[in-house]
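These notes concern the structure reproduced below.
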Amino acid sequence: MSKAKVQAALVLALCLFVAWYSLRLDPATLEAQGHFGFLALLPAIATLAICFMTRNVILALFMGVVLGGLITTQYNIIQEFLIPSIGSARYAQILLVYLWALGGLLGMWNRNGGAWHFAQYVSDNFVKSRRSAMFFAWLMGIIFHQGGTISTILTGTTVRPVADREKVAHEELAYIVDSTASPIATIIPFNVWPLYVAGLIAIPSTSHFIANQDEAVDMFLKAIPFNFYGWFAVLFTLLFALGKLPYVGKTMRAAQIRARDTGALDSPTAEPIISKELSTLNVPEGYRPSLLDFFVPIAVLMSFAIVPWLISGSPMIFEAFGLALVSSIALSIMRGMDVHDAFEGLVDGIKGVTIGAIILGLAVTLATVSDELGASTYIIEATSGFLSAIPYVLPGVLMIICMVVSFSVGSSWGTYAVVFPIALPLAYAISPDPLYVTLAFGAIMGGAVFGDQCSPISDTTILSSLACGSDLMDHVVTQLPIAMTAAGISILIYTATALALTL
């Protein structure tokens, strides 16, 4: 029997088992406990397993949604899950702004040659090697430190032409972009992250040790030195860019050797999310690319994303992407491009990110399924009982819980929303020492960011692959060994530090 047939048989057997077992569940018991037990984790676990077995992310996500329908006995998954999720404001924002506006901007840069011209300029004046190209990518990740999608998009689209010119493997570039997105946002707090987290922890259950939102923001700032994973992720990425990281894993090493020896930026089996419409330069005859074609849209995007935040604390993210695209089209036409060519570039760009739109739509749906099943509640409930007897393991365990939750649901912010309100009061009950609680806070921050960075269903992981032209699963499997090393070291430090505090 072929490997594909074995995989299909295993998936079918799993579906039949889930359908049979779910019919035996008592609805009253489920409502009382607030989750579906171990079945709450099954769609996410199955999705990840199918991802790694078949390397078909769309199939894996769809099967995760199907399993969610079987577990809840809501068999019409289109009506119950897909339409509510794909029709949500969250997905509309992703589709219209992060994908269509991003795809349109990439298409315009492909048509007016702006990114290519910038790559030429940087290569001729600053970047002279693979190492300097990767350091440039790391530096851009630090500069664009707003976290999540905006960081991956800005950094990836800025550095990819330069990195391609210097034969940096797309797996290498995607790792640098992804690892300096959310991690850097948790240790450079000039963004919306402190305010978001403060809103989650300034609640009645924590009012005896966090009186108000100002104290919550202060706790975020005090926890920055204890966000060990955030620091190690950024440090490891810098060492990686400089070629000084001792361990990069077998898969990443193979990608490095391939790019260096053959010049191939992707593996032979890669299916990059970005399409040929965005990977081949298509400048109309007679149009002369300029640095303005690159910097004007970037300046517009940064101005509307950063300046309003500095003034009022509210970045105009959606307006920023839309106006960046409009400015690129307008500038190209003003500089002599035919209107027809400009809008062909726009359409080619949107076509180029269609696969990304499908993947993100299914990822949003799977997150809805996991939430309805009570996955996060089950994980915390299953692990919190034994912690009072061995308090020194709590920070490390919290980090592991957050790693599992965020890897399963693909969202650091979603993980924060369900873990912080439960875990911080638990940490305070075990030990009211402010340093102990702050240590637990840092562990939650870092653990959730790990999953956000590494999960194949995370929007930052998907968009890092999209912006860098990488195969999604190639990106996942090459960065995992490095990220796991950083996470392992962080857990050991948390455990040792908590042991010293509780003895």
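Here is a check on your reading of the model: is residue 493 β-branched (Val, Ile, Thr), within 17 Å of residue 400 (Cβ to Cβ) and either surrounded by fewer than 24 Cβ atoms within 10 Å (Cβ to Cβ) or touching a Gly at 6+ places or on another chain (Cβ under 9 Å) (or both)? So residue 493 passes the test. The helices (runs of 4 or more DSSP H) located wholly in segment 169-262 that include 3 or more residues which are more than 24 Å from residue 488 (Cα to Cα) occupy 193-201, 213-223, 250-262. Among the residues making up segment 427-444, those that are within 14 Å of residue 396 (Cβ to Cβ) and either touching an Asp or Glu at 6+ places or on another chain (Cβ under 9 Å) or of a type in the set (A, V, I, L, M) (or both) are 427, 430, 439, 440, 443, 444.
For segment 459-492, the tally of residues that are touching a Phe, Trp or Tyr at 6+ places or on another chain (Cβ under 6 Å) and free of Cβ contacts under 8 Å to residues at least 40 places away in the same chain stands at 0.
Suppose we filter 462, 493 for residues that are of a type in the set (A, V, I, L, M, F, W, C), in a helix (DSSP H, G or I), farther than 16 Å from residue 409 by Cα and out of contact with any Asp or Glu (no Cβ under 7 Å at 6 or more places or on another chain); which single one remains? It is 493. The set of residues in segment 237-252 that are under 21 Å from the mean Cα position of the chain (by Cα) and under 14 Å from residue 480 (Cα atoms) comprises 237, 240, 248, 249, 251, 252.
Let me spell it out: the conditions are (1) more than 28 Å from residue 355 (Cβ to Cβ); (2) at pLDDT 85 or above, and residue 285 meets all of them except one. Which number is the exception? So the condition that residue 285 fails would be (2). Is it the case, given these coordinates, that residue 456 is assigned to a loop (DSSP other than H, G, I, E, B) and at pLDDT 85 or above? When the stated conditions are applied, residue 456 passes them.
Yes/no per residue for (1) hydrophobic (A, V, I, L, M, F, W, C); (2) more than 25 Å from the chain's Cα centre (by Cα):
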{"residue": "171", "(1), (2)": "no, no"}
{"residue": "183", "(1), (2)": "no, no"}
{"residue": "193", "(1), (2)": "yes, no"}
{"residue": "207", "(1), (2)": "no, yes"}
{"residue": "212", "(1), (2)": "no, yes"}
{"residue": "218", "(1), (2)": "no, yes"}
{"residue": "223", "(1), (2)": "yes, no"}
{"residue": "254", "(1), (2)": "yes, no"}
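Within the set 451, 396, 446, 410, the sole residue that is at positive phi and either in contact with a helix residue (DSSP H, G or I) (Cβ under 8 Å, 6 or more places away or on another chain) or modelled with pLDDT of 85 or more (or both) turns out to be 410.
The values are calculated or read from the model by the stated rules, or taken from the named source; none is laboratory data. Source: prediction; values computed, not measured. All Cβ positions, even for glycine, are placed from backbone atoms using ideal geometry, and neighbour counts span all protein chains on display.
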